[in-house]
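Taking it in order: structure first as structure tokens, then the write-up.
The values are calculated or read from the model by the stated rules, or taken from the named source; none is laboratory data. Treat the numbers as computed from the prediction; the structure is a model and nothing was measured. Because the Cβ atoms are built from the backbone with ideal geometry, glycine has one as well, and the counts that use them run over all protein chains shown. The area values use the complete protein model at the heavy-atom level, side chains included, leaving out ligands, DNA and RNA. Shrake-Rupley method; radii C 1.70, N 1.55, O 1.52, S 1.80 Å.
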Amino acid sequence: MVERPHDAPCPGAHSVAHGRPPLPDGHVVPHLPRPAPPPGLTRRQYAAGWVCAGLVLVLLAAGILGTL
């Protein structure tokens with residue numbers, strides 16, 4: 001594959017008809033912001049917390065009673 005020699009700068013960019021205006025150097029392409037997560041904990045997180053707390057209480061009671 002024959003490549004062009006690198007002795008000259010790259011050709012300049014040309015705007016496209018009816019396209020977006022060029023961005024200044026250092027700017028990025030604009031995009032929509034991410035949707036914010038709902039405030040607080042979800043039902044699934046509350047359920048997982050209650051299951052873990054119940055398991056800890058059962059293991060604690062079993063350890064105190066000496067059944068494990």
Pair list, Cβ under 8 Å, 6 or more apart: segment 45-68 residue open to solvent by 100 Å² or more (accessible area, probe 1.4 Å), other residue part of a helix (DSSP H, G or I):
Leu68/Leu59; Leu68/Ala62
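Looking at the structure I just gave you, is Arg34 of a type in the set (D, E, K, R), part of a loop (DSSP other than H, G, I, E, B) and either out of contact with any Pro (no Cβ under 7 Å at 6 or more places or on another chain) or surrounded by 10 or more Cβ atoms within 10 Å (Cβ to Cβ) (or both)? Give the derivation first.
Numbers: of a type in the set (D, E, K, R): yes; part of a loop (DSSP other than H, G, I, E, B): yes; either out of contact with any Pro (no Cβ under 7 Å at 6 or more places or on another chain) or surrounded by 10 or more Cβ atoms within 10 Å (Cβ to Cβ) (or both): yes.
Judged against the criteria, Arg34 is a match.
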